[in-house]
1. Rounding to the nearest 10 and keeping the result within 0 to 90°, find how far the Cα-based axis of helix 123-132 lies from the longest principal axis of the chain.
2. Got the relative contact order for the chain handy, in percent, Cα pairs under 8 Å and 6 or more residues apart?
3. Taking only DSSP H segments of four or more residues, each worth -39500 (n - 2.57), what value at 222 nm results for the chain once the sum is divided by all its residues, to the nearest 500 deg cm²/dmol?
4. Sorted from fewest to most neighbouring beta carbons within 10 Å, what does the list 245, 107 look like?
5. Please report the antiparallel percentage of the DSSP beta bridges confined to the range 102-177, to the nearest 5.
6. What list of ³J(HN,Hα) values in whole Hz, one per residue of the range 139-154 in order, does the Karplus curve 6.51 cos²θ - 1.76 cosθ + 1.60 (θ = phi - 60°) give from phi, with Gly and Pro shown as x?
Amino acid sequence: MIRIATRGSQQARTQAQSVADQLAAAGHACELVIISTYGDRTQTANVPLHTIGGQGVFVKEVQVAVLDGRADIAVHSAKDLPTTPTDGLVIGAFTERRSPADALIGRPLVDLPNGAIVATGAVRRRAQLHRARPDLEFVELRGNIASRLDKVPDGGSIVMAVAALEILQMTDRIAEVLDPAEFVPAVGQGCVAVECGERNDRLLAALADIDHDRTRHEVMVERAFLAELGSGCSLPIGAHVDGRRLYTYLSNDVTGVTVSDTFDLPDVVDEDVEIARSAARAAHIHVTR
């Protein structure tokens, strides 16, 4: 029996159950182990995510459950997983990616009236939407999927990941899917990452059955862009690989400088990763000089 550690939100449990179903189809019985994380416990306080640690606040306790033996594998949204490896753990699988895009729920961008309110807790989403529509006003948005969908401002919109709505079969709520080439998504958005002990050959073999090669390649390249900037970077960041193209985004709210670039990829992992790293170095120099 493979014990799967996951957060307790509906989205996280559904993601974890999808992993369990894929493993079961490959002949591995599974059960879920529900873990409460610091990020979950601060949801109701409506504390801005970037002020409580950002990346990592939804994964640390789930990782600890594997490290202390309460679970065998940990399931995460890849966008929540820091690029700095956790001692003793390795990513054994990146499952096939759902849509990486963001979406507006409420009104499409073109239909938002001047000065409309858009709710989102992501500094990247705010920066990108402000660049497209400087007149928009932004407010914080946290909570589970259902509670966020109840917070659509009158005459405005909220921003959510399409993948979250796909997982919960709520895509009918989408007013507009934002083009990932223009509104570059968070690194790893739409993908589920599965960790296990780095020396557990049995589990690594089981996870190899559900690892998706194309998704692994793309997310590794995106994560290389983020890793080069450093896990402590608090600037609005986006990176998205679509086939043989890498779209990158980095903005500095203080200086107002934004770098948004597109790079052709040779479709060789090591070379693609180096292109992403070089892109990150160049972007960081440009927005911070």
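1. Taking Cα atoms only, the helix is inclined about 40 degrees.
2. Normalised by residue count, the contact order of the chain is 21 percent.
3. -9500 deg cm²/dmol
4. The order, fewest Cβ neighbours first, is 245, 107.
5. Taking every DSSP beta bridge within the range 102-177, about 55 percent pair in antiparallel fashion.
6. 10, 5, 9, 9, x, 6, 4, 4, 5, 5, 5, 7, 10, 5, x, 4
Since every read-out is calculated from the coordinates, none of them should be taken as a lab result. Since this is a predicted model, take the numbers as computed values, not measurements. Glycine gets a Cβ as well: all are built from the backbone with ideal geometry, and neighbour counts include every protein chain shown.
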